[in-house]
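K.L.:
The structure that follows is given in the form of structure tokens.
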Amino acid sequence: MAVVQKWREGMSSDNVKGLVLALSSSLFIGASFIVKKKGLKKAGASGIRAGVGGYSYLLEPLWWAGMITMVVGEIANFAAYAFAPAILVTPLGALSIIISAVLAHIILRERLHTFGILGCILCVVGSTTIVLHAPQERQIESVTEVWDLATEPGFLFYTALVLTAVFILIYQFVPQYGQTHIMVYIGVCSLVGSISVMSVKALGIALKLTFSGTNQLVYPQTWAFTLVVITCVLTQMNYLNKALDTFNTAVVSPIYYVMFTSLTILASVIMFKDWDGQSPMCGFVTILSGTFLLHKTKDMADGPGLSTSLSMRSLKHEEDDGFGEGIPLKRQDT
């Protein structure tokens with residue numbers, strides 16, 4: 001109770017707004033995973049699957065419905081970054097994992113083990129811990145201040161490492177291992193995503209200040225951040241579609257969340273230096289534990305034991321009516 005009272009007294013109005021927007025974002029994004037997946041499956045039945053380079057899903061209305069739902073969630077997420085620090089907003093994406101896992105179990109019939117439910121509970125506990133100990137947002141008066149932070153040597157070095165890793169993954173690993181190793185597609189999405197979040201936060205701050213009466217659109221830095229956001233989001237969307245079409249949603253969501261959140265927090269600490277004590281870390285570790293359980297649950301559900309699961313991983317990929325998969329981590333239709 002003392003912690004809750006302290007949270008009520010110390011939580012700024014901007015943090016509360018960011019919290020509400022982040023929760024709304026998780027709801028829409030979690031649901032969008034399922035709707036997009038249904039659209040990808042329907043489009044793949046009559047055309048070339050996204051997982052092998054096809055774009056027939058662009059003609060599928062169901063996929064666009066999921067995309068619109070995701071856009072609404074991303075807009076809410078975008079607004080949340082303008083009010084609250086990334087270390088508060090990003091980890092709350094764990095709630096979208098719960099939503100997508102439950103809906104995948106009900107709608108897509110992707111089995112959710114009992115331990116998967118425990119994983120969902122751990123995600124909620126971890127998210128609550130982070131919210132209760134969220135740091136205050138850093139006061140920024142101009143987008144040029146964010147630009148100065150982004151051009152410091154530490155963040156420039158991080159950006160160079162990210163870009164190098166992304167190019168290596170895209171041109172060396174995607175052609176050979178994209179269809180068999182889930183970390184390839186998700187690695188690209190997560191690395192690019194950590195840069196996009198920093199740019200989204202900068203753009204959100206610029207728009208927030210503009211709507212408050214201090215025009216930030218006259219600064220070239222605002223448009224530079226906008227260009228980075230567009231480029232990163234398009235890249236993320238492309239490779240996330242490939243991951244969703246190739247692998248099981250119940251596995252893609254938690255692994256993507258863990259990698260994306262970890263890299264985003266790292267980028268935020270380097271750029272905004274908004275780390276505040278060890279309590280948020282405890283909450284994040286709890287969330288990691290929950291997502292790990294969700295990941296291992298899928299393997300347990302697909303076989304009577306670990307040895308069976310491992311043996312199934314070694315089976316050659318086979319397709320049945322265009323969708324059946326022989327690898328546990330891949331999408332399965334029942």
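The values are calculated or read from the model by the stated rules, or taken from the named source; none is laboratory data. Please read all numbers here as calculations on a predicted model, not as lab measurements. Neighbour counts run over all protein chains shown; Cβ positions are idealised from the backbone, glycine included. Ligands, DNA and RNA are excluded from the accessible area calculation, which covers all protein heavy atoms including side chains. Shrake-Rupley method; radii C 1.70, N 1.55, O 1.52, S 1.80 Å.
K.L.:
Does L40 satisfy the criteria of being closer than 20 Å to N248 by Cα, modelled with pLDDT of 80 or more and open to solvent by 60 Å² or more (accessible area, probe 1.4 Å)?
P.N.:
So L40 does not fit the description; no.
K.L.:
While we're here: Only residues that are under 21 Å from L288 (Cβ atoms) and in a loop (DSSP other than H, G, I, E, B): list them for the range 85-123, please.
P.N.:
P85, L112, H113
Residue-by-condition table, conditions (1) open to solvent by 10 Å² or more (accessible area, probe 1.4 Å); (2) among the hydroxyl-bearing types (S, T, Y); (3) at positive phi:
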{"residue": "I68", "(1), (2), (3)": "yes, no, no"}
{"residue": "A79", "(1), (2), (3)": "yes, no, no"}
{"residue": "V89", "(1), (2), (3)": "no, no, no"}
{"residue": "L92", "(1), (2), (3)": "no, no, no"}
{"residue": "V102", "(1), (2), (3)": "yes, no, no"}
{"residue": "R109", "(1), (2), (3)": "yes, no, yes"}
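K.L.:
Anything in the range 235-270 that is more than 14 Å from the chain's Cα centre (by Cα) and surrounded by fewer than 21 Cβ atoms within 10 Å (Cβ to Cβ)? List them, or say none.
P.N.:
L266, V269, I270
K.L.:
Residues in the range 203-217: is at least one without any contact (Cβ under 8 Å) to a residue 24 or more places away in the chain and part of a helix (DSSP H, G or I)? Spell out the reasoning first.
P.N.:
Just the residues of the range 203-217 that are without any contact (Cβ under 8 Å) to a residue 24 or more places away in the chain, to begin with: 210-213, 215, 217.
With part of a helix (DSSP H, G or I) added as a condition, the list becomes 210-211.
Checked the range 203-217: at least one residue is without any contact (Cβ under 8 Å) to a residue 24 or more places away in the chain and part of a helix (DSSP H, G or I).
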